[in-house]
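Right, one structure below, let's go through it.
The values are calculated or read from the model by the stated rules, or taken from the named source; none is laboratory data. Since the model is a prediction, treat every value here as computed from it, not as a measurement. Neighbour counts are summed over all protein chains in view; Cβ atoms, including those assigned to glycine, are modelled from backbone coordinates with ideal geometry. Just so you know, the surface numbers come from the protein's heavy atoms only, side chains and all, with ligands and any DNA or RNA stripped out. Shrake-Rupley method; radii C 1.70, N 1.55, O 1.52, S 1.80 Å.
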Amino acid sequence: MTSFIAQKEEQELLRFSTAGSVDDGKSTLIGRLLYDAKSLLDDQLSALEAKARVDGDQPDWALLTDGLKAEREQGITIDVAYRFFATPKRKFIIADTPGHEQYTRNMATGASTADLAIVLIDARHGVRTQSKRHAFIAALLGTPQLVVAVNKMDLVDYDQSVFEAIRRDFDHFVQQLGIRAPQYIPISALLGDNVVDHSESMSWYEGPSLLHFLESTPVGINRNLKELRFPVQYVSRPNQNFRGYSGQILSGIVRKGDEILVHPNQQRTTVESIVTYDGELEEAFAPMSVTLTLADELDISRGDMLVTPRHEAGVARDIEAIVVWMDHVPLQVNGTYTLKHTTRKTRALVEAIRYKVDVEEASQVEGQALALNEIGCLKLTTMQPLFFDAYQDNRKTGSFILIDEQTNLTVAAGMILKADQGGSDTLLANPVSAAERALYFNQKPLTLWLTGRVGAGQLAVAQAVERALFERGGYAYRLDQSAPRGLFRLAEDAALLNKAGLAAVVVDDFWQNPSREAARAQVGADAWFEVHLEASLGWAEANDESGFYEHVRGQRDHVDRAQQYQRTTATDADLTLNVEQLDVPELVASILAALETRGFLGRLRDEPA
Amino acid sequence: MLETIAPAQEQAPPFRLLTAKNQAPSRTLPDRYRLSHLRQLEAESIHIIREVVSEFEKPVMLYSVGKDSSVLVRLAQKAFFPGRVPFPLLHIDTGYKYQEMYSFRDQFTKENDLDLRVYTNQPAVKDGTNPYDLGTAACCGQLKTKALLDGLAAGGYDAAFGGARRDEEKSRAKERIYSFRDRFGQWDPKNQRPELWSLFNGHIREGESIRVFPLSNWTEIDIWQYIELENIPIVPLYFAQEREVIDAGGTLIPVDNFPFRDRLRGPIKTVKTRFRSLGCSPCTGAIRSEATTVGEIIKEMFQVRTSERANRVIDHASDDAMERKKREGYF
Ligand SMILES: Nc1nc2c(ncn2[C@@H]2O[C@H](COP(=O)(O)OP(=O)(O)O)[C@@H](O)[C@H]2O)c(=O)[nH]1
C-alpha cells in the first residue's frame, strides 16, 4: 500500500492553459481529457447524461466545463476556470481560458502560471487571426512550451496535407515572433484520435498523442536554479532568541553557510539555518517556502530580497515594462498606481507609453492611450527601488501588478523588460524629475486658490486646510497678502511651490475684480483647483476683522461700489461653499473630499507603509 | 468606397517578443531539485497564508472540523513555525454536528495550542431551526450563512481563510484565491479581480473583507495523500466502521445521537460506512465503505463512485444551489 501512495506522492505537477476560438472544440477536448484520465466522477457523469437526454443528443462534453449560471445562460465561458486531472505519471492543472475576442485579460491570467499552452485550431478553418492571438498572448506571458492542437481532423478526412499546411502557416508566424517552435498534434477531440492513444486514422503522424506529450514534456524547465531570489515575506520573531525571515524561494538554491547579499542595503551575511516545521534543512530550492536565519543581525524587513552575491538582482526605480491593461478605466499617463512586485508594494508613476502592441498583427504601433485588453510598453518610475530580473529570465521577479489607488482593482499585469537609463549606477547623474517628487511627497502638485468677499474667512480656511494637509503627511504652504503682492506674484509663487512638488494654498480676497484666468494660466490647469467661499454682504461685513468695510464706508460711504468690485460669485470655481452654513472643519472636510475625488490626494487607508 | 479612402497600409516593423525566450533551456532540472506536486502545493499554500497575515490587520481561519480544516491548520503551523499560528480559528457551530466532531475539535485545538472561537446563531437555535420544518436551504441560511456573516462581523475580521477547493464543484472552478466580499459579505461573480502569477491584491476599503482559499488548487486526492504523508489527525468519522444507519432513500444517516429520528422513514440497518465530508447530522449522509485507513481511503478514491459533496443533501436542490449560496455569503 505504502508504495502505491509513495508513487502518487512523487507525481510532478504540470500547469497548462488552453485557448481556442468559440466552437474550435476546446470544451470537448477538455471534457475528453478529464474523462479519459478517469477523473470524471460518476455523479457528474450522470448529471451530464441527464442533460444530454433532455437535449436528445450525444453527451455534450462542454457541460462538464461550464461554470457560472450567467455564463451558462449566455452559452459562453467568460472567465478563467481551473480544472484538475491526474494520470499515474502527473497531476495537471488546466487554466481554461475563454477564447472570445475581448478577453485578453483572461488569457493572460491563465498563461501567467502555465508551463505549457494548448492552442486549438479548427482544421477546416486553418490558421485564423484568433489562433495567432492566443499563441501570441501565451508567448508574451512567457509560457515555455506551446502545443498547437489541430482539431476536427475527422472532418477533413484525416488529411495530412491539411495538417501540414496549418503547420507551415503557423511556423511562419512563430518565427516572426522569435519564440520556440511549438509541438503540432493533429487530433479529433470528439472521436478521441491522438488525444490519449495514437490514432489509427492518422498513421502518417509519428509524433506523440496529446496526453502522452503532456505526460512527458519536461516540467520546471524554466525554473532557474542559478540565482537565488528570496523576497522576505514575513519576519518571524516568536521570542527574543529567534529572528527568522520567511518567504518562498523564487529561484535558485540556498544552503546553510551560503553567503548572501541583502537588497536594498547591500549588506552581506551568511545563512545560519534553514528552518522548517519538519526540521532544519541543509539546502532548500525554488519553489519551497522556508524560513532563514542569518549570522548577523541586520535590519531586514518585508519586501527586502536576499540574493546570490555573484548574481545580484537588478535594482532600479525606472523601468521599462510590457503591460496588459485589465480595467474598464483606461491607463492614465502621469497617473500613479500601487505597484506590487514580489512581496514589495510601492507607488509607481506612469511616465509614458513607449509603444503599443497590436495583438492582431503582432506588431509595434504608436499610441498614447491604453484601454481594456490592450497591451503596451510603459516607462514607469517607482518610489522605492525594485529588485528584479527581466521577465524572460525570471517570471517571478520580472512580473508585477498595478492596483488602482481609488478603486483598489487590479488594473494591469506587467512584465519587466529592463531598467530604464541603465539603473542605479547613473542615478546620481540624473536630475530629479517631477514624477519622482510626486512619488516622494505622495502628492500631486496643487494650487488651491480660495476666493470670496473680504470677510468670508479665506484666511481661517486656508490655515485649516494647510494644517489638515500637513497632518495627513502632505507638504503644503500658505500664501496670503501679509506682504502685499499682486495677484500675478501670488500665482508665480504658487507655480514655483508646485514645481518643487509642494501644495500651495492661496488666500485671494482682492476686492478688485481681475480675472483669475491669468493666475490659472500661470499655475497650469493640471494643478489648479479653485474654491469660492460664498457669503452675503451683511455676513461678510459682520465677520470682517480687517476693517475693510469700515474703511470703505468711512471714506466714501460707497458700499455699493465695494460690492460691485468684489468677487461675489465665481462662475469659474471648481467648488463653491457657503460659509454662512458651514463651520471651518466642515469647509475643510468638503475641500479635502473634493481634492480626493479629483485625484490630487491619495486615499488615506491605502498608502503603502 | 471606404477602402478607397483608407491610407495604404504601412509595413509594420518586424516585432520580436521581448518577454519570451527563444531558446530551449540547455538542461532539464536535476532530479534532486524536483519538488513533488504535494510539496509544490504546500509551498504555494504557505506563501498565500503568510501573505494574508502580512497584509491584513485581523485574519481568522474558518475551522469546520473536517479534513480540509485539519490540512489548513497544518499548513498554517508550517507557515509560522517556530512561532504559534498568529490568528484565531472560528468554528461556526450549528449545534447539529456529530459528537465525535465536537470532541475531536476540542482535543485537536488544545493539543495544537490553537485559539479556538465558536460562534452560533443563538436566536435561531432557540427557535428550534431545523431542516425538516424550514427546508434545507432556509436552515443553512440561518445556522450557517447568517451565523458566518455575523461571526465575522462580530470579530471585526478583514480576512477569513477557508478550506474550499476548486475541484469541489463546478461554480468553484472560477473562484479566486483571494475572493473579494462587499460590506455585506456578498460575493459578486462579475466583480472578482484578476489573479496573475502569485501576486495577490489585498487592497480593501473599511468594512470590506476577503475570503482566502489556500487549498484552491488541491484536489480531494491531494488532501488525502497529504494527510497520509504528514500523518495529520482527522475525525474518526472519516474511517469505515459498522454503524447503525437509516437508509433514507439511498442516503445513509447514522442513528446514533441523531436528533430527528422520528422524521425519517426507512429501514434501520447496520452497515460499514464512513463519511467523505462532514456536515450537520441531518444533512450529511455516510457512504458504504471498507476503508479503515487513509491508505485504503485513497485506494477507494481511485474507484470513486460519487463526487465528494453528493452525499450532502444540501446540494441536491438545483444545479445552481452552490452558486446561489456563495452569492449570499456562504463559502
Ligand atoms: N467532428 C468533430 N466535431 C467536433 C470536434 N471537436 C468538437 N467538435 C464539435 O464542435 C462543436 C463545438 O465544440 P465545443 O467543444 O463546444 O467548442 P468550444 O466553443 O471551443 O468549447 C461541438 O458541436 C462539438 O461537438 C472534433 O474533433 N470533430
Pairs beyond 24 Å (Cα-Cα), from A:Lys418/B:Lys21; A:Lys132/B:Lys21; B:Lys78/B:Lys174 = B:Lys78/B:Lys174
Karplus (6.51, -1.76, 1.60) ³J(HN,Hα), θ = phi - 60°, over region A:522-536, in Hz, Gly and Pro reported as x = 5, 6, x, 4, 4, 9, 7, 9, 10, 10, 9, 9, 9, 8, 6
Do you know which residues of region B:69-110 lose at least 30 square angstrom of accessible area in the protein assembly compared with their chain on its own, with a 1.4 angstrom probe?
-> B:Lys78, B:Phe80, B:Phe81, B:Pro82
Mind listing, in residue-number order, the residues in region A:390-407 that have at least 40 Å² less accessible area with every protein chain present than in their own chain alone (1.4 Å probe)?
-> A:Gln392, A:Ile401
In region A:314-440, carbon and sulfur make up what percent of the accessible area (probe 1.4 Å)?
-> 51
Ignoring ligands, DNA and RNA, what accessible area per residue does region B:48-110 give at 1.4 Å, in Å²?
-> 30
Rank A:Ile401, B:Ile221 by accessible area, highest first, at a 1.4 Å probe radius?
-> B:Ile221, A:Ile401
Accessible area of A:Thr410, 1.4 Å probe, to the nearest 10 Å²?
-> 10
Phi-derived 3J(HN,Hα) across region B:277-290 with the Karplus relation (6.51, -1.76, 1.60, θ = phi - 60°), rounded Hz, x for Gly and Pro, is 9, 10, x, 7, 4, x, 10, 10, x, 9, 10, 5, 6, 10
Give the accessible area for B:Glu242 in Å² (nearest 10); use a 1.4 Å probe, count only protein heavy atoms, and leave out ligands, DNA and RNA.
-> 120
Accessible area, probe 1.4 Å, largest first, for residues A:Lys226, A:Lys91 = A:Lys226, A:Lys91
Cut-off under 5 Å, modelled amide H: who pairs with A:Gly452 long-range | A:Leu533
With x for Gly and Pro, the residue-by-residue ³J(HN,Hα) of region B:77-82, computed from phi through the Karplus equation 6.51 cos²θ - 1.76 cosθ + 1.60 at θ = phi - 60° and given in whole Hz, is 4, 5, 4, 10, 4, x
So how exposed is A:Val271, as accessible area in Å² (1.4 Å probe, rounded to 10)?
-> 0
Contact order relative to length of region A:91-187, as percent, for alpha carbon pairs under 8 angstrom and 6 or more apart | 28
Residue order for B:Lys58, B:Lys126 - accessible surface, 1.4 angstrom probe, largest first = B:Lys126, B:Lys58
Area hidden from solvent between A and B (accessible, protein heavy atoms only, 1.4 Å, total, Å²) = 9000
List the trypsin sites (Lys or Arg not before Pro) within region B:15-108 that fall in a DSSP loop (any state other than H, G, I, E or B) and whose Cβ has at most 11 other Cβ atoms within 10 Å.
-> B:Arg27
If amide H atoms are modeled at 1.01 Å from N in the peptide plane, then the residues at a separation of 5 or more from A:Val357, or on another chain, having amide H under 5 Å from its own are A:Val365, A:Ile375, A:Gly376, A:Cys377
Under 5 Å, built H, 5+ apart or other chain: amide partners of A:Thr447 | A:Ala504, A:Trp528, A:Phe529
